[in-house]
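Structure record follows, encoded as C-alpha cells.
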Amino acid sequence: MAANADIFEEREAWRRPLTISAVLHVALFGSIFFYAAFFAGRSGGSWGNSGDDTGNAMSATLVTTVPLPANPQAKPENVLANESKGVTQSVPKPEEKDKTAIPIPDRNAKTKIKPSKQPPVTPTHEQPREVAKVSNVVPFGQGGPVSGPYGTFSAAGAKGGFGFNGAGGDFGTRFGWYVDAVRRKVSENWMKYEIDPSLSTTRRVYIYFEITRPGAPANIRIEQSSGIPSLDQSALRALQRIDTFGPLPPEYSGNRVAVEFWFDPPVRGQ
Amino acid sequence: MHPTIKMIRRFAIVAVLLLMAAATATAQDWIRTGTGLGMEKVRLAVPDFVPASADPQAGELVKTFNDTLWGDLQQAGIFDMVSKSFYPIGSFSAPATIKFDAWGSPPPNAGMVAFGNLGVSGGRVLVQGWLFDVKNQQSPQVLGKQYNETASVQSARIIAHRFADEIILRLGGGLPGIAESRIYFVSTRSGNKEIWSMDYDGANQQQLTHLRSIALSPHASPDGSRVALAGIFHGNWNILMYSNDLNRLVSFPVFGGGNLSPAWSGDGTKLAFSSSRAGAPEIYTCDANGGSLKRLTAVKGPDVSPVWNPKTGVQIAFVSGRTGLPQIYVMDSDGSNVQRVTDTGYAVSPSWSPNGQFLLFSWIRHYGPGAPGGDDIYIMDVASHKWVQLTHDSRRNDFPSWAPDGRHIVFQSNRSGSEQIWTMLADGSQQRQLTTSGTNSQPNWGSH
C-alpha cells in the first residue's frame, strides 16, 4: 500500500513545459491575428468584384432558394398519353412501291432501260368527294334552340331576316312586307337602355310569340334565354308593349302565325 | 341486314311520317326574324295617279288627290319617299304598266310602289289604287282599293287620306293612320278666344264655338264625337261640352268655382279636370255626363292640368305647385301613389302617349332671370324617367299633344313671331307650321 502511495506522491515538473506551451500558443494566435489584421486584405482580389466598389458584385444564389420542387408530386396518370404501350400495337405501314415509278439506275447508268411492255397507265386522281348539301345547316351564331319544333326549320333565309316552315309554308315569301313590318315594330319597341350597360359579350335571346288574325301578339315567351336577365326582360317587354302588328293579310288563309324573334344586344365598345 | 335493325328503321320512318302529318295538321306558318337586320325605312315610290276620264273636273281632282296622297305619306314618318325625278318615264295607271325591274333597281330602287287612276263620270269620282311590292315578283300586290264618292275637291282629299291610311296601316305594322284625324285648338282670329278645328295637315280650319268670351283647353273624346273645353260661362270658368255630331254645345253640369283643363280617360267614360270649388285648384274626376264627382288631391298648393294614361286608364299625370315651382307628378286615378317625375325647373302641360309609355311636357329646365335655355318640349319615359329634349332654343314651345298614332306631336310655338300651331314627329324631326292667321294656341290632337 505504501508503494502505491509513493507512486501517486511522485511529482513531475509540469510547470515549465506548460508555461512554454501556453506562451507558444499565445504567440501563434497572436501572429495569426496580426497577419489577418494587417496583411490579409491587401493581397489578391475579391471574387466577383470587377474592381468597382459600388456594388456590382454577383451574389451567389443559395441553392435552397431555387424554385425547384422539393418533393416531386405524384401526378394523375394521363389516360390519353401515358407511357403504357396499351393493348394494341400500331404497326408501321409497309412501304408501297409505286408501280409507275421509273427505276433509278444505280450501278451502270449507261445501261439502257428497256421500255416496259405494259401499256401506259393514265394517272387517276381521286375526284373530290361531293359533300351532301344539308338543308338544315345553320350559320354560326344564328342557330335556334336545339330542341323543339325548330328542328324542322329551313334556315336558308335566316341570314336575310327570316325563315319559315309550316303547312302553307310560304308566308314569308308571299307577305315579306308583313314580316318586315313586324321586325321594324319590335325593334322600335325594344328599349336598349333596359339592358345591363356593362354587358361586354354578345348574347342572343330568342322570344317566341304568335300573331293572331287581328294582328295582336299572343303567347309571348322566352324560347331560349340569353343568360342575362336584363336582356331577357327587355326583349319580353318589347313584345308586351305592342298592341297590334296590323291584321294578317286578308289573302292569308291561316289563323295565326308563329314567330321566333331574336335580339342581339349592342355590346359595349362596339 | 339484321331483322332488328330493319324493324327499327321501319318504325323510324313511320314516326317521321306521323310527325310530318301532325305538322301539316296544325295550319300555322312560322317566321324567324330578329333585330340587327336593318331598320331602314321602306322606300316608297308614288307616281302621280293618272286621269282615267276626259272630264274637265278630273284634272283638278287628280292634282288635289296626288298632292294630298304625297303629303300624307311623306308626313307619316315611316317612309323614305323616292324622288319623282328618279321614276321611269310613262304613266302608271294599272298593274300591267308596272315593270318590276325598272322600279326595283336603281335609280328609283323602290321597295314599294303606290299607283292608280282617278276618273270622273256622272258626278262621281272613281279612284283605283294599288300598292305593289316590286321586290317580290311572285305575289307583288300588297293592297288594291277602289273608292267611289261624289265628285268634289273635298272628296278627292278624303279618298287620298283613306288610301294613305291604308298604306300606313299595312306597312307601319298596324300603325293607325292620322290622315283623317283633326286637331282642335284655340284661335283669336274671330276676335275672341274660340275653339277651332282643322285637318291634321292644317287644311279645313273651322270655328266650333261662338262663346264671345274666352274658351280654352279643348280636349277631344277618344271616339271624336265630343270636345270638352273650359270656358267663361255665366261669369265662371266651367267645363263645357261641344258635340261634333250636333255641331253645338251640349249641356254639362256646373260645378262651381273655377273649372279648367278637362281631359278624357282612354275609354271615354270619365273626365279629369282641375277645380277651385273648394279653395285652391285641385284635381277632380267625373263621369262623361258630369256625374260622380270625386276629388283626388288634397295637398296644399295648386294641382292642375290632369291627363289620363290612355293605355291603362288608372294613372293620371298632372302639374302641381306643392313644392314651389310647378312640376309634373303622376298618381293613380284614385289619388294614391303620387310620384314626382320632374326634378327641377318649371314643368307644365303634360300629355300622355297613346301607348302609355311616354310623357310629353313643356319644361324650362333652368328657370329664372338670365338662366340659359328656353321653354322647350321634352319627352320622358315614365318608367325610367329618362328624357329627351325635342325642341331646342326656339323661343317658347308649349302645350304638346300626342297624335293617335303615337308618332306625331302637335304643339304651340311663337318661333315665327306669334303663337302658332306646329307639328313634328316624336323624335323632334319634320317640324312644320300649320296655322298662320291670328294667334293659335293649346292644340289637342283628336282621332276624328
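Results, tabulated for the structure shown:
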{"quantity": "Inter-chain shielding of A:256-262 (mean C-beta neighbours from other protein chains, 10 Å cut-off)", "calculated": "5"}
{"quantity": "For A:180-193, mean number of other protein chain Cβ atoms within 10 Å", "calculated": "5"}
{"quantity": "Formal net charge of residues neighbouring B:E419 (Cβ-Cβ distance under 9 Å; K, R +1; D, E -1)", "calculated": "0"}
{"quantity": "Charge dipole (debye, nearest 20) of chain B; +1 at Cβ of Lys and Arg, -1 at Cβ of Asp and Glu", "calculated": "660 debye"}
{"quantity": "Net +/- balance of residues flanking B:E194 in space, Cβ distance below 14 Å, scoring K and R +1, D and E -1", "calculated": "+4"}
{"quantity": "Rel. contact order, % - alpha carbon contacts under 8 angstrom, at least six apart, region B:116-155", "calculated": "38 percent"}
{"quantity": "Cα gyration tensor category, rounded, prolate or oblate, for region B:209-339 with a/c compared to 1.5", "calculated": "oblate"}
{"quantity": "Note, ³J(HN,Hα) from phi for region B:142-148, Karplus 6.51, -1.76, 1.60, rounded to Hz, x at Gly and Pro", "calculated": "9, 8, x, 9, 9, 10, 9"}
{"quantity": "Rounded FRET efficiency, nearest 0.05, which uses the C-beta distance separating A:D243 from A:L199 and R0 of 35 Å", "calculated": "0.75"}
{"quantity": "Hz values of 3J(HN,Hα) by residue in region A:176-192 - Karplus curve (6.51, -1.76, 1.60), Gly and Pro given as x", "calculated": "x, 5, 6, 4, 4, 5, 4, 4, 5, 5, 5, 4, 5, 8, 8, 8, 6"}
{"quantity": "Distance between region B:71-132 and region B:208-265 - C-alpha centres, whole angstrom", "calculated": "43 Å"}
{"quantity": "Choice from B:S85, B:S320, B:S213 with maximal GNM fluctuation in chain B (Cα, 10 Å cutoff)", "calculated": "B:S85"}
{"quantity": "Built amide H within the under 5 Å cut-off of B:Y242, gap 5+", "calculated": "B:V227, B:A228, B:L229, B:V250"}
{"quantity": "Highest-fluctuation residue, B:G268, B:G291, B:G356 considered, GNM on chain B with Cα pairs under 10 Å", "calculated": "B:G291"}
{"quantity": "Order of A:R213, B:R277 - criterion: other Cβ atoms within 10 Å of each residue's Cβ, fewest first", "calculated": "A:R213, B:R277"}
{"quantity": "Pairs beyond 21 Å (Cα-Cα), from A:K192/B:K135; B:K63/B:K84; B:K41/B:K135", "calculated": "A:K192/B:K135"}
{"quantity": "Residue-averaged 222 nm ellipticity for chain B, from DSSP H runs of 4+ at -39500 (n - 2.57), nearest 500", "calculated": "-5000 deg cm²/dmol"}
{"quantity": "Nonlocal amide H pairs with B:D375, under 5 Å, H built at 1.01 Å", "calculated": "B:N397"}
{"quantity": "Relative exposure of B:V113, A:V26, judged by other C-beta atoms within 10 Å (fewest first)", "calculated": "A:V26, B:V113"}
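All of the numbers you see were taken from the coordinates with simple rules; none came from a lab. Just so it is clear, the model here is predicted, and its values are computed rather than measured. Note: ideal-geometry Cβ built from the backbone for every residue, glycine included; neighbour counts use all protein chains shown.
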